[in-house]
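**Student:** My questions all concern the structure below.
The values are calculated or read from the model by the stated rules, or taken from the named source; none is laboratory data. No experiment lies behind these values; they were computed from the predicted model shown. Don't worry about glycine lacking a Cβ; one is built from the backbone with ideal geometry, like all the others, and counts go over all protein chains shown.
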């Protein structure tokens, strides 16, 4: 039995440890200053919310400038530690992000397509979410008329987006062109680069999806730039996509292999990813701030793990079902390198809430397929096969609240 003196000693020890921890945190903030860690944004219509993730509360000065239009955010004590420039800007009035040191703090400049009104406020830490500076941007009516938001994908010759139906929302598909920028991917025997071929295929796929009633596409990259692998799934989540398709062209060190393949996440990859998700600090903001994960944030670790495993398994099943339909249609226009949907632990497939596939359109290392992958006719055929497969899948399993779900109930 523990006597009173021992209990009192333990209490004093705990209080001392708490005081030391608080003092250490305060010392670290004083010694090193706060950190500006990330910038997130989300656009809906004429409104855009910009969130700056900070290590601690810090004084800020927010103002707009004209000629050209821009929004300036001065953070008096914050040192920049994250890369703010890779936030997805499509659909927002923001055309660029610039950062720089300003005294002991950081200046963030958002280049704008036109004038906006701005409201800003601080949000203290809550749950798994840290300190935040939130800015709500509203484009003026004159600016909206003169400078429409940047489209998520290049506008095709036909109307780029089907008329909005009152029966439900569009199914949103993330179209991911593999590699890009400093990462060329594979190179064919005649010098054709994978990053160029798959970018053109991704653009064609996005345009075709935008022409399909009930669908809307979002490109993870629309030009020759490098985008980190996990950043691609972050972009997809910020656009609240229903499905993720990554486009690639296979390669080996000999010219013989050929044909198309479709990959989903492996079962072991799904299990390890759910564990990584729970352990990684980079996902705390997603779990605490996204509607799909708010309930998850409120559970204990064992319950979170079980729920996330269920989510990963359900997501994987949807990926395999859609992959089978796409593969069957690819087999109509091209040889198949693998007769069934393969499973592997590709990083871009590792999102617990977004069904995802990686499509190897062909072998760029095969001289014949290298030529075909450059052909506009063959690219159109590949795109049609992928679109037909997705449409067939979503006709049988439309997400709740979508136009296809409403049509299925008629």
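**Student:** Any residue in the stretch 82-96 that is at pLDDT 80 or above and in contact with a helix residue (DSSP H, G or I) (Cβ under 6 Å, 6 or more places away or on another chain)?
**Tutor:** No: zero hits.
**Student:** Here is a further query. For the condition at pLDDT below 90, within 26 Å of residue 185 (Cβ to Cβ) and assigned to a helix (DSSP H, G or I), what is the one hit in 307, 316?
**Tutor:** Among 307, 316, only 316 is at pLDDT below 90, within 26 Å of residue 185 (Cβ to Cβ) and assigned to a helix (DSSP H, G or I).
**Student:** Given the structure, is residue 23 part of a strand (DSSP E or B), surrounded by fewer than 20 Cβ atoms within 10 Å (Cβ to Cβ), at pLDDT below 85 and not assigned by TED's automatic domain parsing to the domain that holds residue 241?
**Tutor:** When the stated conditions are applied, residue 23 does not pass them.
**Student:** Kindly evaluate residue 188 against the criterion of being in contact (Cβ under 8 Å) with a residue 40 or more places away in the chain and surrounded by fewer than 24 Cβ atoms within 10 Å (Cβ to Cβ).
**Tutor:** yes
**Student:** Which of the residues spanning the stretch 70-79 are crowded, with 18+ Cβ neighbours inside 10 Å and either at pLDDT below 90 or within 20 Å of residue 222 (Cα to Cα) (or both)?
**Tutor:** Across the stretch 70-79, the qualifying residues are 75, 77, 78.
**Student:** Among 268, 160, 261, which is the only one that is surrounded by 15 or more Cβ atoms within 10 Å (Cβ to Cβ), farther than 26 Å from residue 405 by Cα and modelled with pLDDT under 95?
**Tutor:** Just a single option satisfies the conditions, and that option is 261.
**Student:** Would you mind telling me which numbered condition in (1) in contact (Cβ under 8 Å) with a residue 40 or more places away in the chain; (2) part of a strand (DSSP E or B) residue 57 fails?
**Tutor:** The one condition residue 57 does not meet is (2).
**Student:** Against the definition (modelled with pLDDT under 85, more than 25 Å from the chain's Cα centre (by Cα) and farther than 28 Å from residue 222 by Cβ), how does residue 103 come out, yes or no?
**Tutor:** So residue 103 fits the description; yes.
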